[in-house]
Amino acid sequence: PLEWHQKIKESKMANETGQSNSLPIVLDCRNDYETQVGKFDLAEPLGTTNFRDSWEVLKNRLKDTPKDAPIMTYCTGGIRCVKVNAYLTQELGMTNVSRLAGGVIGYD
């Protein structure tokens, strides 16, 4: 969580100073009803009702994204992020992927 917090903080500062080319893609891998409770700054919700809908959304969202673009993912307990990151690396060929270990419930 400390590394995640630092990355979010640095990204937010870069965004505020106009250095947006250094921003990671922050993906909220939770379902819509979970995202409505709140999300991290800079996070993009996947906009899904069910987790099984994530794969097509991810494929479309990242189709023109460079393979080495920094991507940060998070979910509620960490399990969905493990699956999403495996999909991003194994199926989409992304090489710079990280996740919030333990999910939102493990974040202090």
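The values are calculated or read from the model by the stated rules, or taken from the named source; none is laboratory data. For clarity, every value in this text was computed on a predicted model and none was experimentally measured. Virtual Cβ from ideal backbone geometry, glycine too; neighbours counted across all protein chains shown. The accessibility values were calculated without ligands, DNA or RNA, using every heavy atom of the protein model including side chains. Shrake-Rupley method; radii C 1.70, N 1.55, O 1.52, S 1.80 Å.
Among Glu44, Glu34, Glu16, which one shows the highest mean-square fluctuation when the chain is modelled as a Gaussian network with alpha-carbon springs under 10 Å?
Glu16
Treating only the Cβ of Lys, Arg, Asp and Glu as charged (+1, +1, -1, -1), what charge dipole size does the chain show about its Cα centre? Round to the nearest 20 debye.
Numbers: 13 positive and 14 negative charges, 43 e Å.
About 200 debye.
Over the chain, what is the relative contact order in whole percent, taking alpha-carbon pairs under 8 Å and six or more residues apart?
Details: 160 pairs, mean separation 28.6, N = 108.
Answer for the chain is 26 percent.
Across every pair of different alpha-carbon atoms, what Kirkwood hydrodynamic radius in Å does the range 4-108 reach?
Details: mean 1/r = 0.0721 Å⁻¹.
After inverting the mean inverse Cα-Cα distance, the result is 13.9 Å.
Just add up the charged neighbours of Tyr74: K/R +1, D/E -1, any other residue whose Cβ is under 10 Å from the Cβ of Tyr74.
+3
Amide H neighbours of Glu44 under 5 Å, counting only residues 5+ apart in sequence or on other chains, H built in-plane at 1.01 Å?
Val26, Leu27, Asp28
Averaged over every viewing direction, what's the projected area of the C-alpha convex hull for the range 1-46? Give it in nm², one decimal, please. Let's see the in-between values first.
On the way: hull surface 13.7 nm².
Hull-based average projected area comes out at 3.4 nm².
Quick check for you: with a 1.4 Å probe and neighbouring chains kept, what is the accessible area per residue of the chain, in Å²? Mind dumping the intermediate values first?
Values: 6320 Å² over 108 residues.
Result: 59 Å² of accessible area for each residue.
Quick check: at a probe of 1.4 Å, how many percent of the accessible area of the chain sits on carbon and sulfur atoms? Before the final figure, lay out each step's value.
Numbers: 3210 of 6320 Å².
Accessible surface attributable to carbon and sulfur in the chain totals 51 percent.
In a GNM of the chain with a 10 Å cut-off on Cα contacts, which of Val57, Val82, Val26 has the highest mean-square fluctuation?
Comparing Val57, Val82, Val26 in the GNM, the peak value goes to Val57.
Suppose only helical runs count, i.e. DSSP H with n ≥ 4. What mean residue ellipticity at 222 nm does that imply for the chain under -39500 (n - 2.57) per run, divided by all residues and rounded to the nearest 500 deg cm²/dmol? Provide the component values of the computation, followed by the final result.
Working: 4 runs with 35 residues, N = 108.
-9000 deg cm²/dmol, from helical runs alone.
Could you work out how far apart the two model spin labels at Glu16 and Tyr33 are, taking each label as a point 7 Å from the Cα in the direction of the beta carbon, and quote it in nm?
A separation of 3.5 nm, rounded to one decimal place.
Where in the range 21-72 are there trypsin sites (Lys or Arg not before Pro) that are in a DSSP coil and have at most 14 other Cβ atoms within 10 angstrom of their Cβ? Provide the component values of the computation, followed by the final result.
Details: sites: Arg30, Lys39, Arg52, Lys59, Arg61, Lys63, Lys67; in loops: Arg30, Lys39, Lys63, Lys67.
Sites meeting the loop and neighbour criteria: Lys63, Lys67.
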